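**Q** Please see the structure below; I have some questions.
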Amino acid sequence: CVFTPHVLVVPKGSTVELRNSDNVMHNIHSYSLKNASFNESIPGNGKPVLKKFEFSEIVKITCDVHKWMSAWLVVRDNPYYAVTDEMGVFKIESIPEGTYKLIAWHESLGKQTMDIIVKKGESSEVKIEFAPKK
């Protein structure tokens, strides 16, 4: 009774396959502002539910049957994104040279934005620290 992965990032226009691999009934309930919201049951080991996400936004997904279950779908309008590993490390490759706005998002600690410069043939290292929640 857990959504896996907890955070999934996809490009806008993607169709996401939602499936229930448990042997109990679940419910997938999305909270969207731009994309069509949905709230439907999904039986255990049943057919996958396909949902298309046309617009860039962060979508919360919950299960109304099991209140502790939640996940996030981050829909992006560019191909330059990553989800951190368990140590908070990430890598985004093949970014063209230029100046960009890097956005780091955490489900309970919020969002941080910083400007970064990408130079051809060089790696850039950034350190992002979120303040503990009070």
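The values are calculated or read from the model by the stated rules, or taken from the named source; none is laboratory data. Since we're looking at a predicted model, the values are computed, not measured. Every residue, glycine among them, receives a Cβ derived from its backbone with ideal geometry; neighbour counts consider all protein chains shown. With ligands, DNA and RNA removed, areas are computed over all heavy atoms of the protein, side chains included. Shrake-Rupley method; radii C 1.70, N 1.55, O 1.52, S 1.80 Å.
**Q** Could you order the peptides 21-30, 69-78, 125-134 from most to least packed, using the average number of other C-beta atoms within 10 Å per residue?
**A** Packing proxy ranking, top to bottom: 69-78, 21-30, 125-134.
**Q** Another one. To the nearest 0.05, what FRET efficiency results for N78 and K111 with a Förster distance of 22 Å applied to their C-beta separation? Walk me through the numbers on the way to the answer.
**A** Working: r = 16 Å, r/R0 = 0.74.
Step by step, r from the Cβ atoms, then E = 0.85.
**Q** Computed over the Cα atoms, what is the radius of gyration of the range 17-77 divided by 2.2 N^0.38 Å, N being its residue count? Before the final figure, lay out each step's value.
**A** Working: Rg = 11.6 Å, N = 61, 2.2 N^0.38 = 10.5 Å.
Compactness ratio reported: 1.11.
**Q** Find the eigenvalues of the gyration tensor of the Cα atoms of the range 87-133, then list the square roots of 5 times those eigenvalues as equivalent ellipsoid semi-axes, largest first, in whole angstrom. Don't jump to the answer; show the numbers that get you there.
**A** Numbers: eigenvalues 109, 25, 14 Å².
Semi-axes (√(5λ), whole Å): 23, 11, 8.
**Q** Here is a follow-up. Which lysines have a Cα less than 21 Å from the Cα of K134, not counting those fewer than 8 places away in the same chain?
**A** Within reach: K111.
**Q** I'd like the distance separating the alpha-carbon centroids of the range 17-56 and the range 72-134, in whole Å.
**A** 27 Å
**Q** If you restrict to DSSP beta bridges whose two residues both lie in the chain, what percentage is antiparallel, to the nearest 5? Intermediate results must be reported in sequence, preceding the final value.
**A** On the way: 27 of 32 bridges.
The antiparallel fraction comes to roughly 85 percent.
**Q** If you take the Cα Rg of the chain and divide it by 2.2 N^0.38 Å, with N the number of residues, what do you get?
**A** Numbers: Rg = 17.0 Å, N = 134, 2.2 N^0.38 = 14.1 Å.
Normalised by 2.2 N^0.38 Å, the Cα Rg of the chain equals 1.20.
**Q** In angstroms, what radius of gyration and Dmax does the range 50-91 have, counting Cα atoms only?
**A** Here Rg and the maximum Cα pair distance are 13.2, 36 Å.
**Q** Under a 1.4 Å probe, what is the accessible area of the chain per residue, stated in Å²? Let's see the in-between values first.
**A** Numbers: 9510 Å² over 134 residues.
So the chain comes to 71 Å² accessible per residue, rounded to a whole number.
**Q** How far apart, in nanometres, would the label points at S94 and N23 be if each is projected 7 angstrom from Cα along the Cα-to-Cβ direction?
**A** A separation of 4.2 nm, rounded to one decimal place.
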